[in-house]
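Student: Got a structure for you, questions after.
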Amino acid sequence: MEQKVLQKITKYVETNIGDFHKKRIEKVKSIDLIGIRKAKNPYLFKAKNVTIAGDLVKTILSAYMSSSEEGIFGNWLEGLAIYINKLIYGGQKSGVDGMDLEFTIDAIRYLVVIKSGPVWGNANQLTKMLNHFSEAKKKIATSGNKEQIVFVNGCCYGKDGKPHKFPKKGIDYFKYCGQEFWEFISGDGNLYIDIIEPLGHKALEKNDEYNNEYGALVNKLTKEFSEKYCDENGNIKWEEIVKINSSKPIPKVKKVKAVKVKVKKVKAVKTPKK
């Protein structure tokens, strides 16, 4: 890759990585006690004999934030991939339903769905992606466009030894992970390594800010949890936790509107005088 192009990519990463840190801090600030008490399996924590309210809060919060950060950073990497592809191949954010990136090389139009890692969804989500591929192919064909279309599921990290996929139902596609994905969108086999260094730009400074917000949240939620879900001896009230987490919803009772009945006034009949 040309040094000028690599410099632009590095500058983009350093300029925009702050967005990732900003969103993870915003996520921390948005979490309340209701969010974490419903988030994870209470039976597991009881089986592990978790007895300290602070430990329970930190464990649930850590798992919750880990999942959230994966999604936040995945979206950020998608933006980086589109930027890099635009620089090198003139690609763009796709306007086709369900697609993230599209670009053309040697008369082949690539439609790409970008995911964070190789294990990104269940069977239903995979079927949904395949349906998007099929629908996109039909729409492009009916528009009179005769260029060759290749569908790709790109994953920002990981490996896949058999990239060409032939699903029983749906259109065949390629799944490029890690080095193969970054090379596919840029033509550079070393890009997956080159982007690592700038990702750490101001990471220590941003992590200090994040840790301060995270620590304050743990203290706040631990205090609220102890007040609501621990008895006078400090023991966790597991029955209450299970009820909140897993009890069936109470059916909403529809309010019956009162029907107003209009009563017509009857005029008094005058009795004739004798």
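The values are calculated or read from the model by the stated rules, or taken from the named source; none is laboratory data. Bear in mind that the values here come from a model prediction, so they are computed numbers and not experimental data. Here Cβ is always computed from backbone atoms with ideal geometry, including for glycine, and neighbour counts include all displayed protein chains.
Student: Please pick out the residue among Lys40, Lys22, Lys29 that is within 20 Å of the chain's Cα centre (by Cα) and not in a helix (DSSP H, G or I). If you could, list the steps in order and put the result at the bottom.
Tutor: Values: Lys22 fails: not in a helix (DSSP H, G or I); Lys29 fails: not in a helix (DSSP H, G or I).
Result: Lys40 is the single residue among Lys40, Lys22, Lys29 that is within 20 Å of the chain's Cα centre (by Cα) and not in a helix (DSSP H, G or I).
Student: Among the numbered conditions (1) outside any loop (DSSP other than H, G, I, E, B); (2) modelled with pLDDT of 90 or more; (3) of a type in the set (Ser, Thr, Tyr), tell me where Ser66 comes up short.
Tutor: (2)
Student: Report those strands (runs of 3 or more DSSP E) wholly inside region 81-170 carrying at least 2 residues which are within 21 Å of Glu70 (Cα to Cα) and in contact with a helix residue (DSSP H, G or I) (Cβ under 8 Å, 6 or more places away or on another chain).
Tutor: On the way: elements: 101-105, 108-115, 148-155.
Fully inside region 81-170 and qualifying: 108-115, 148-155.
Student: Any idea which of Glu78, Glu14, Glu70 is out of contact with any helix residue (DSSP H, G or I) (no Cβ under 6 Å at 6 or more places or on another chain), in the same structural domain as Ala216 (by TED's automatic domain parsing) and surrounded by fewer than 17 Cβ atoms within 10 Å (Cβ to Cβ)? If you could, list the steps in order and put the result at the bottom.
Tutor: Details: Glu78 fails: surrounded by fewer than 17 Cβ atoms within 10 Å (Cβ to Cβ); Glu14 fails: out of contact with any helix residue (DSSP H, G or I) (no Cβ under 6 Å at 6 or more places or on another chain).
Among Glu78, Glu14, Glu70, only Glu70 is out of contact with any helix residue (DSSP H, G or I) (no Cβ under 6 Å at 6 or more places or on another chain), in the same structural domain as Ala216 (by TED's automatic domain parsing) and surrounded by fewer than 17 Cβ atoms within 10 Å (Cβ to Cβ).
Student: Which fully enclosed helices (runs of 4 or more DSSP H) of region 186-253 have 3 or more residues being surrounded by fewer than 14 Cβ atoms within 10 Å (Cβ to Cβ) and aliphatic (A, V, I, L, M)?
Tutor: Values: elements: 191-194, 196-199, 203-229, 238-246.
Passing ranges, in order: 203-229.
Student: Further question on the same structure: Mind listing whichever residues of region 45-67 are in contact with a helix residue (DSSP H, G or I) (Cβ under 8 Å, 6 or more places away or on another chain) and over 18 Å from Val28 (Cα atoms)? Don't jump to the end; show me each part of the working.
Tutor: Filtering region 45-67 down to residues in contact with a helix residue (DSSP H, G or I) (Cβ under 8 Å, 6 or more places away or on another chain) leaves 45-46, 50, 53-54, 56-61, 64-65.
If the condition is that a residue be in contact with a helix residue (DSSP H, G or I) (Cβ under 8 Å, 6 or more places away or on another chain) and over 18 Å from Val28 (Cα atoms), then Phe45, Lys46, Val50, Ala53 are the ones that fit.
Student: A follow-up question, please. Restricting the first residue to region 77-98 and requiring it to be within 14 Å of Lys115 (Cα to Cα), which pairs with a second residue that is crowded, with 21+ Cβ neighbours inside 10 Å and of a type in the set (Phe, Trp, Tyr) meet a Cβ separation below 8 Å and a spacing of at least six or different chains?
Tutor: From residues that are within 14 Å of Lys115 (Cα to Cα), the pairs are Ala81/Phe181; Ala81/Trp182; Gly98/Phe133.
Student: Taking region 104-125, which residues are surrounded by 12 or more Cβ atoms within 10 Å (Cβ to Cβ) and touching a residue at least 24 places away in the same chain (Cβ under 8 Å)?
Tutor: Within region 104-125, Thr104, Arg109, Tyr110, Leu111, Val112, Val113, Ile114, Lys115, Ser116, Gly117, Pro118, Trp120 meet the criteria.
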